[in-house]
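Structure record follows, encoded as structure tokens.
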Amino acid sequence: MSEESEAEVLAKINDLEEWYQMHPQMPRKIDKRILRRFIRVMDDDLEQAKRLLEVHYKMRNQFANIFIERDPLDKGTEQLFKLWDMIPLPGLTKDNCSVAFHRLRDSNTDKFNFTDGAKCLIMMFDTRFICDERISEGEISVIDMNGCTLGHVAKISWRELRIIATLTQDGLPAKIKSVHYLNSPPFMGKLMRVLKWFLKSEIVQSMHFHLSPHETLYEHVPKDMLPFEYGGKAGKLCDLRKFWQQRLKDQRSYLMDPEYWAIDNSKLTESSPSTSSIFNKY
């Protein structure tokens, strides 16, 4: 990036920060790295970044039990990470996208808690956003469905799934580029018919189903970016898991500080964007 363009970026960040500070209903604290992310994900459109910021924090506070009331060290989080890998992989693709890997480690449905999974997913996003040195142009997810059963589906909170889907599509400073499923179970078709009620058509169209990583996944995700266990060079899953669990712990004070997340509802204005219309779209 040239010095001139860097200066322009800094000017926009400062403008957005000034706007943010003039709106007392917003959380008291925000990092400039987060402001930069909101600007970038809206293609450097400052007005759209402002709107996304307002929508983002209103949605978080509307469902604070998932998006604000969390602790990387609580029992639910600890249990979740014993069952489920959700690991941002190192590096970026050639088109500057980040890749996250997901899989069940333990298929025991008695241990599966969807709410804890939702909390951990958003904590992982928040940690990545504050730690990433570079802002990616899109988010790619690779999900290994091996071990997923109808018992897991039965424990999904459809209300919470709708909330998570809405935040990630309309309120998160990130763009979903594609989602790749490995080892899909026989009931995947029926599950997708339900999921389509919660997802935008462009998200559904971005989904790909692969019999194995060796079939067609490498056409979309660089092989070297995947974990060793999937033919890549990103490292062993156990090491990647430990790294991100520790990173969440290191960011615990940030993740749990309400001054970074809680809005003052008494100071909301009539011009603040409503989230009801967003939720009614799905």
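Among what's in region 193-225 and is polar (S, T, N, Q) and within 11 Å of S178 (Cβ to Cβ), pick the residue that is surrounded by the most Cβ atoms within 10 Å (Cβ to Cβ).
S206
When the residues of region 199-237 are filtered to those that are at pLDDT below 95 and among the aromatic types (F, W, Y), which remaining residue is nearest to P186 (Cα to Cα)?
By that ranking, first place goes to F209.
Among the residues of region 134-148, which ones are within 17 Å of the chain's Cα centre (by Cα) and part of a loop (DSSP other than H, G, I, E, B)?
Of everything in region 134-148, those that are within 17 Å of the chain's Cα centre (by Cα) and part of a loop (DSSP other than H, G, I, E, B) turn out to be R134, I135, S136, E137.
Inside region 183-209, can you point out the residues that are in contact with a helix residue (DSSP H, G or I) (Cβ under 7 Å, 6 or more places away or on another chain), under 28 Å from L92 (Cα atoms) and among the aliphatic types (A, V, I, L, M)?
L199, I203
Quick grid of which residues meet (1) more than 28 Å from L161 (Cβ to Cβ); (2) in contact with a His (Cβ under 6 Å, 6 or more places away or on another chain); (3) among the charged types (D, E, K, R):
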| residue | (1), (2), (3) |
| --- | --- |
| R28 | yes, no, yes |
| D43 | yes, no, yes |
| E47 | yes, no, yes |
| K50 | yes, no, yes |
| K58 | no, no, yes |
| N65 | no, no, no |
| I68 | no, no, no |
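Which of the residues spanning region 94-124 are farther than 21 Å from Q169 by Cα and assigned to a loop (DSSP other than H, G, I, E, B)? Break it down stepwise before answering.
Going through region 94-124, the residues farther than 21 Å from Q169 by Cα turn out to be 94, 103-113.
If the condition is that a residue be farther than 21 Å from Q169 by Cα and assigned to a loop (DSSP other than H, G, I, E, B), then K94, R105, D106, S107, N108, F112, N113 are the ones that fit.
Restricting attention to region 169-192, does a residue exist that is at pLDDT 95 or above, in a helix (DSSP H, G or I) and surrounded by fewer than 17 Cβ atoms within 10 Å (Cβ to Cβ)?
No - not one qualifying residue is present in region 169-192.
Residues to consider are A49, A100; find the one that is assigned by the TED database to the domain that holds T166 and either touching a Gly at 6+ places or on another chain (Cβ under 9 Å) or without any contact (Cβ under 8 Å) to a residue 60 or more places away in the chain (or both). I'd like the intermediate steps shown before the answer.
Working: A49 fails: assigned by the TED database to the domain that holds T166.
After ruling out the rest, the residue left standing is A100.
Residue check: is I39 farther than 26 Å from R162 by Cα, surrounded by 14 or more Cβ atoms within 10 Å (Cβ to Cβ) and not assigned by the TED database to the domain that holds V153?
So I39 does not fit the description; no.
Quick check on R241: is it touching a residue at least 60 places away in the same chain (Cβ under 8 Å), of a type in the set (K, R) and touching a Pro at 6+ places or on another chain (Cβ under 6 Å)?
No: the conditions fail for R241.
Can you go through R105, R128, R134 and tell me which one is closer than 30 Å to K190 by Cβ, assigned by the TED database to the domain that holds S206 and basic (K, R)?
Result of the check over R105, R128, R134: R105.
Restricting attention to region 58-72, does a residue exist that is surrounded by 15 or more Cβ atoms within 10 Å (Cβ to Cβ), over 23 Å from H180 (Cα atoms) and of a type in the set (S, T, N, Q)?
yes
Output the qualifying pairs, or none if there are none: Cβ atoms under 8 angstrom, residues six or more apart or on different chains, first residue in region 16-41 and hydroxyl-bearing (S, T, Y), second residue at pLDDT 95 or above.
Y20/M26; Y20/I30; Y20/L35; Y20/L53
If you go through region 149-168, how many residues are more than 22 Å from S136 (Cα to Cα) and either of a type in the set (S, T, N, Q) or in a strand (DSSP E or B) (or both)?
First pass over region 149-168, keeping only residues more than 22 Å from S136 (Cα to Cα): 149-163.
Among the residues that remain, those that are also either of a type in the set (S, T, N, Q) or in a strand (DSSP E or B) (or both) are: 149, 157.
Of the residues in region 149-168, 2 are more than 22 Å from S136 (Cα to Cα) and either of a type in the set (S, T, N, Q) or in a strand (DSSP E or B) (or both).
Is it the case that I34 is surrounded by 12 or more Cβ atoms within 10 Å (Cβ to Cβ) and in a helix (DSSP H, G or I)?
It is true that I34 is surrounded by 12 or more Cβ atoms within 10 Å (Cβ to Cβ) and in a helix (DSSP H, G or I).
Can we say E69 is among the acidic types (D, E) and within 15 Å of M123 (Cβ to Cβ)?
So E69 fits the description; yes.
The values are calculated or read from the model by the stated rules, or taken from the named source; none is laboratory data. For clarity, every value in this text was computed on a predicted model and none was experimentally measured. Here the Cβ is made from the backbone with ideal geometry for all residues, glycine too, and neighbour counts use every protein chain on show.
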